[in-house]
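K.L.:
Shown below is the structure under consideration.
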Amino acid sequence: MDGQGIARRLRAIYRRLQARYGPQHWWPAREPFEVIVGAILTQNTAWTNVARAIANLRAAGRLTPTALRQLTEPELAALIRPCGYYNVKARRLQAFVKWFGERYRNSLDKMFARETADLRHELLAVHGIGEETADSILLYAGEKPVFVIDAYTRRIFTRLGLTPQIDSYAAWQGLFTDNLPTDAPLYNEYHALLVRLGKEACRARPRCRDCCLNPMSRAEKETATHDFPCSAFISSK
DNA sequence: TGCCAGGCCGGGT
DNA sequence: ACCCGGCATGGC
């Protein structure tokens, strides 16, 4: 498929997701700093658990960089316990706020004033921040036009038969950024819709009928036993 | 009951 | 340059 074809398909998928789910109002947070905390806490973790951890931090008055730095690692770990991996994540949160204070004096404005590519590089150097977390911070806290690639995105588009040549984060990102306009609100909504779809999808087999993203052959519909959402979008790892 | 969730790091080939 | 185990809670 040529670039035009991919672009058309990406837009068609986006429209169908919009029609099905409507606006997602992402990221689920009150302020940019909370987005960053959530981005670290949600690594390989269900959001419901992360919401509890963040509620604990807020109730304890610890949802600021300085307040977080004043906690010991075990104290922080105890507060974020519901989100799992709490020792690992306490260390990662501390690493971020330490760097954020030293490098940017706790100023998100200063941080996001940097060139996006440079800031991404800096973020990746912070312990506990990988590509998805860095991009989530850039897009959802900084409103930079950076497309976030996550497990849902890969699974859904693999299922749809729309994949990059190389299976790397950068190549997946290119699939979207090379074929869509550079537009932060669009990237924001697209990724949010993909997560919404991914969360809703069940894992039943055989696949459902009436798939909204990828029409099925007649033969496939014969074996389908239930309606969307279904395993059509979530195949096992 | 067992599998899974909006990854990332570090040590071993 | 990959590959893989470890990290941990709560929901279905």
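Every number here is computed from the coordinates shown, using simple stated rules; none is lab data. Note that the coordinates shown come from a computational prediction; the quantities given were computed from them, not determined experimentally. No Cβ is skipped: glycine too gets one built from the backbone with ideal geometry, and neighbour counts run over all protein chains shown.
K.L.:
Just want to confirm a number: the relative contact order over segment A:58-168, from Cα pairs under 8 angstrom separated by 6+ residues, in percent.
P.N.:
Values: 78 pairs, mean separation 18.0, N = 111.
16 percent.
K.L.:
Could you check the spin-label model distance between residue A:184 and residue A:70? Points 7 Å from the Cα along Cα→Cβ, value in nm.
P.N.:
My value for the distance between the label points is 3.1 nm.
K.L.:
Okay, which of segment A:118-146 sit inside 17 Å, backbone N to the point 7 Å along the Cα-Cβ direction of residue A:88?
P.N.:
The answer is A:126-134, whose backbone nitrogens lie closer than 17 Å to the label point.
K.L.:
Can you pull out the trypsin sites (Lys or Arg not before Pro) in segment A:1-65 that DSSP calls coil and that have at most 13 other Cβ atoms within 10 Å? Mind showing how you got there, number by number?
P.N.:
Working: sites: A:8, A:9, A:11, A:15, A:16, A:20, A:30, A:52, A:58, A:62; in loops: A:30, A:62.
When the trypsin sites (Lys or Arg not before Pro) of segment A:1-65 are filtered for loop state and at most 13 Cβ neighbours within 10 Å, A:30 remain.
K.L.:
For residue A:170 and residue A:25, what is the calculated FRET efficiency with R₀ set at 25 Å and r taken between the beta-carbons, to the nearest 0.05? Spell out each step's value before the answer.
P.N.:
Values: r = 29 Å, r/R0 = 1.14.
Here the calculated transfer efficiency is 0.30.
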